[in-house]
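Everything below concerns the one structure shown next.
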Amino acid sequence: MPTDPPRILEALNALREEVARLRQEVAAGRAGQEQLTLREALDRWLAFGGKIWEHDTLLSVTTMTRRWKRLGNLRMQEVRPLDIQGLYEERDDGTLAAATVNLDRKYLRAFWKWALARQLAENDPTAAWPIKRGPGKRVYIQIPREDQEAIERCLKLRFRRWLRFVFATGLRSGESRKIRWSWISAEDVLEIPAAVRKQRRAHRMPLPRKIVEDLGPRGGDEDLAFPNVPRSRQSLAKVLKRAARKAGLPYWRAVTPHSLRRSWYGRIRRAGVPQEAVQNIGGWKSRSVMETYYWSPIGDKEARAYLERI
């Protein structure tokens, strides 16, 4: 502490200036504000119980896209609306429904609201986001067997076994891609763990003999049954759309991994299998979900065949 009066006066003036500056920051709501990066703030948000993507998939920022890694090093105050808009333009590759994208945006809006309430950010870059409008009602299709064969011919050999397996079992693409040989017992019964399934309930399915033979020689217990199938749903959807377009199908845009499950539902129902058995084999939690979301119109050829019976 200086003892010379002029120096004491100089120190007091500097202290007054510092106090005045702090008061201004308090008035502006920026006092004691943490200078967190976007990655640090998102990690804290996830620990707080927040969500980023749809459902309960809480992904770390370090495992997201390159744009996330780039944005993750920015301070919260440096994030611009164009950065966030560009992120979602990169994520919305045309295969996601408008409802899915809007749900993702809802979660990210909640993150910025949480950050503003804790003074981790000065503005909300998602405030001016418009609601994404879908192109119209989604087209649900069922793929006839002849079209399935046409798609198979346009696929690489490593995809054909997986395609035939899903058409024969009706499993979701996310479940079928993760199947390991240890899940298939010596009695040819497939047991899918609860952690892999959407409903978080284990599922048991006896496999048809022809499908077991089509799988080929058994691998190691921890080896994937379909190791060459893309891990990403979007990548797999692009492979199917490309093959359907090459096969000359007029509805190639509507061919998705989930349309295979819908096609299986239509085929097994037309085979005369009771609804209770279909629900049990397909692993649906409720009958209402099965009947509401897996209904799809029949093709013109099939409708004509039914009408000719009258």
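The values are calculated or read from the model by the stated rules, or taken from the named source; none is laboratory data. Just so it is clear, the structure is predicted and the values come from calculations on it, not from any experiment. Cβ: placed from backbone, ideal geometry, glycine included. Neighbour counts: every protein chain shown.
Below are the figures for this structure:
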{"item": "Some residue of the stretch 260-272 being aliphatic (A, V, I, L, M) and more than 19 Å from Gln148 (Cα to Cα)", "result": "no"}
{"item": "Residues (under 24 Å from Ala202 (Cα atoms), of a type outside the set (A, V, I, L, M) and not in a helix (DSSP H, G or I)) located in the stretch 254-310", "result": "Pro274, Gly283, Trp284, Lys285, Ser286, Tyr294"}
{"item": "Among (1) surrounded by fewer than 17 Cβ atoms within 10 Å (Cβ to Cβ); (2) touching a His at 6+ places or on another chain (Cβ under 8 Å); (3) not acidic (Asp, Glu), the one test that Arg172 misses", "result": "(1)"}
{"item": "Test for Ser259: is it small (Gly, Ala, Ser) and buried (at least 17 other Cβ atoms within 10 Å of the Cβ)", "result": "yes"}
{"item": "Residues that are under 22 Å from the mean Cα position of the chain (by Cα) and of a type in the set (Phe, Trp, Tyr), drawn from the stretch 231-263", "result": "Trp252"}
{"item": "Any hit, the stretch 210-218, residues being in a helix (DSSP H, G or I), over 21 Å from the mean Cα position of the chain (by Cα) and of a type in the set (Gly, Ala, Ser)", "result": "no"}
{"item": "Residues that are modelled with pLDDT of 90 or more and surrounded by fewer than 16 Cβ atoms within 10 Å (Cβ to Cβ), drawn from the stretch 195-209", "result": "Ala202, Arg204, Pro206"}
{"item": "Pair list, Cβ < 6 Å and 6+ apart or interchain, from the stretch 185-206 residues that are over 16 Å from Thr169 (Cα atoms) and without any contact (Cβ under 8 Å) to a residue 24 or more places away in the chain to residues that are of a type in the set (Lys, Arg) and surrounded by fewer than 12 Cβ atoms within 10 Å (Cβ to Cβ)", "result": "Ala194/Arg200; Ala194/Arg201"}
{"item": "Residues that are surrounded by fewer than 12 Cβ atoms within 10 Å (Cβ to Cβ) and more than 12 Å from Phe165 (Cβ to Cβ), drawn from the stretch 210-222", "result": "Pro217, Gly220, Asp221, Glu222"}
{"item": "Candidates Gly282, Gly272, Gly248, filtered to the one that is at negative phi and either among the small types (Gly, Ala, Ser) or in contact with a strand residue (DSSP E or B) (Cβ under 9 Å, 6 or more places away or on another chain) (or both)", "result": "Gly282"}
{"item": "Options Phe159, Phe165, Phe226; residue that is modelled with pLDDT of 90 or more, farther than 28 Å from Ile298 by Cα and surrounded by 15 or more Cβ atoms within 10 Å (Cβ to Cβ)", "result": "Phe226"}
{"item": "Which numbered condition Ile184 misses (of (1) modelled with pLDDT under 90; (2) buried (at least 16 other Cβ atoms within 10 Å of the Cβ))", "result": "(1)"}
{"item": "Selection within the stretch 227-241 - under 10 Å from Arg177 (Cβ atoms) and part of a loop (DSSP other than H, G, I, E, B)", "result": "Pro227, Val229, Pro230, Arg231, Ser232"}
{"item": "Selection count where residues are touching a Phe, Trp or Tyr at 6+ places or on another chain (Cβ under 9 Å) and touching a residue at least 40 places away in the same chain (Cβ under 8 Å), scope the stretch 207-220", "result": "3"}
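Results for (1) touching a residue at least 40 places away in the same chain (Cβ under 8 Å); (2) closer than 18 Å to Leu171 by Cβ, shown as yes or no for each residue.
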| site | (1), (2) |
| --- | --- |
| Arg231 | yes, yes |
| Val239 | yes, yes |
| Arg245 | no, no |
| Val273 | no, yes |
| Gln279 | no, yes |
